[in-house]
Every structure is written in C-alpha cells, then in structure tokens.
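Below: the structure, in structure tokens.
The values are calculated or read from the model by the stated rules, or taken from the named source; none is laboratory data. Quick caveat, the model's predicted, so the values are computed rather than measured. Because the Cβ atoms are built from the backbone with ideal geometry, glycine has one as well, and the counts that use them run over all protein chains shown.
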Amino acid sequence: MQVIAAHALRELQGRIEQHLPLGLSADEARAFMQAGAKLEADAVGPEREASRYTQIVVNVGEHEYEDETESSPPRIEDEKKKLLN
C-alpha cells in the first residue's frame, strides 16, 4: 500500500511541476491537509516551547548538510543582509 501511495504522490508532484490540475476532490484535498498537519505535529511534538524550533533537513542529491550550532533560527534581517552583500 505504501508503494502505491508513493507512486501516486510522485504522479501528483509531476502534475504540480507541469502546472496541471490535480483532479482532487474536496475530501481528498482535506485528507492531504490533515495528513500534513499530523506529520508536522508529530515531528514538532505536542509540548513544543515557543522559544524552541525543530530543524528538518532534506538532503537533495550530493549536497552535504553543514551542521549549525546556533540555538535559534537565522533572523530574516540577517539573511537579507547576506543576500545584499
């Protein structure tokens, strides 16, 4: 069943990349939203503190992850400065 679901998700992703309609019913779209929210809640946990964050790293291809030791995520202002320099 998981292989079938993975295939269906790849097919949907391909349609998204081609800007084609997905053909999902309202119930199917709602199920995707609920599943995504549940995955996020499971990853973060029910007792997440406001001052803490969860870092999720997705490796694509050969890119290596560089571990950061900061205790908080980068500030938007700092990231803007990096881009402008």
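Computed values, structure above
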{"item": "Asp42 closer than 26 Å to Gln55 by Cα and either touching a residue at least 24 places away in the same chain (Cβ under 8 Å) or surrounded by fewer than 10 Cβ atoms within 10 Å (Cβ to Cβ) (or both)", "result": "yes"}
{"item": "Checklist (1) exposed (fewer than 10 other Cβ atoms within 10 Å of the Cβ); (2) at pLDDT 80 or above applied to Glu49, failing item", "result": "(2)"}
